[in-house]
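Before any comments, here is the structure.
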Amino acid sequence: MQPDIAPGRLSVDTLCRHFSDAHPPLTGSQAVVEAERCFFCYDAPCIEACPTGIDIPGFIKKIQSGNLAGSARTILSSNILGGSCARVCPTDILCEGACVHVAAGDPPVAIGALQRHATDWQMQQATHP
């Protein structure tokens with residue numbers, strides 16, 4: 001009896017349609033503009049809402065200043081799966097839901113997208129953070 005597992009059953013086109021990212025990544029310019037929206041709160045409710053305790057204002061500040069290596073290092077030092085979590089974490093409920101912008105009636109800082117931007121950049125480098 002032959003198992004029902006075989007490679008190549010789906011075409012590349014089908015794989016791309018069904019398994020692509022739900023949201024496109026931020027460009028470098030978009031990331032800087034989004035990072036500049038952060039108030040860098042001293043008591044940062046976003047950190048309190050993060051199950052892994054990432055220094056969210058810290059990594060966002062580093063994106064704002066162009067220090068993507070430092071940003072990725074900040075994320076990955078608290079959560080080694082930071083790149084995966086940036087894609088699947090329910091940020092709208094957790095960190096983004098706690099963002100002070102929400103209390104003011106504005107959209108929250110796109111923390112998950114910024115985290116993805118930094119960790120994706122790091123993964124494209126040939127060095128370990």
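In whole percent, and with a 1.4 Å probe on the protein chains, what portion of the accessible area of region 12-129 is carbon and sulfur? Working shown, then result.
Details: 4080 of 6880 Å².
Ligands and nucleic acids excluded, carbon and sulfur give 59 percent.
Evaluate the charge dipole of region 26-125 about its Cα centre and quote only its size in Debye, nearest 20, assuming +1 on the Cβ of each Lys and Arg and -1 on the Cβ of each Asp and Glu. Mind dumping the intermediate values first?
Details: 6 positive and 9 negative charges, 66 e Å.
In debye, rounded to 20, region 26-125 gives about 320.
How much area per residue is accessible in the chain when the probe is 1.4 Å and only protein heavy atoms are counted (Å²)? Let's see the in-between values first.
Values: 8200 Å² over 129 residues.
On a per-residue basis, 64 Å².
Along the principal axes of its C-alpha atoms, what lengths does the chain span, in descending order and rounded to whole Å?
For the chain, the Cα spread along each principal axis is 63, 35, 26 Å.
If you take every residue apart from GLN64 with its C-beta less than 13 Å away from the C-beta of GLN64, what net charge results, scoring Lys and Arg +1 and Asp and Glu -1? Working shown, then result.
On the way: positive: ARG37, LYS61, LYS62; negative: GLU34, GLU36.
Value of the local net charge: +1.
In degrees between 0 and 90, to the nearest 10, how far off the longest principal axis of the chain does helix 68-78 point, with axes built from Cα atoms?
The angle comes out near 80 degrees.
Roughly how many whole Å is it from the C-alpha centroid of region 95-114 to that of region 63-89?
With region 95-114 and region 63-89 each reduced to a Cα centre, they are spaced 17 Å.
At a threshold of 8 angstrom on Cα-Cα distance, excluding pairs fewer than six apart, so keeping six or more, what relative contact order does the chain reach in percent?
Numbers: 140 pairs, mean separation 35.7, N = 129.
Over the chain, the number comes to 28 percent.
Just to verify a number: what accessible area does HIS23 come out at with the full protein assembly present, 1.4 Å probe, Å² rounded to tens?
130
In degrees between 0 and 90, to the nearest 10, how far off the longest principal axis of the chain does helix 111-124 point, with axes built from Cα atoms?
Taking the Cα atoms of the chain, the angle to 111-124 is about 60 degrees.
Heavy atoms only, 1.4 Å probe, whole protein assembly: order THR74, THR27 by accessible area, highest first.
Details: THR74 25, THR27 75 Å².
Heavy-atom accessible area, descending, gives THR27, THR74.
The values are calculated or read from the model by the stated rules, or taken from the named source; none is laboratory data. The shown structure was predicted, so the numbers you read here are calculated from the model rather than taken from an experiment. Quick reminder, even Gly has a Cβ in these numbers, built from the backbone with ideal geometry, and neighbours come from all protein chains shown. Note: areas computed on protein heavy atoms with side chains; ligands, DNA, RNA excluded. Shrake-Rupley method; radii C 1.70, N 1.55, O 1.52, S 1.80 Å.
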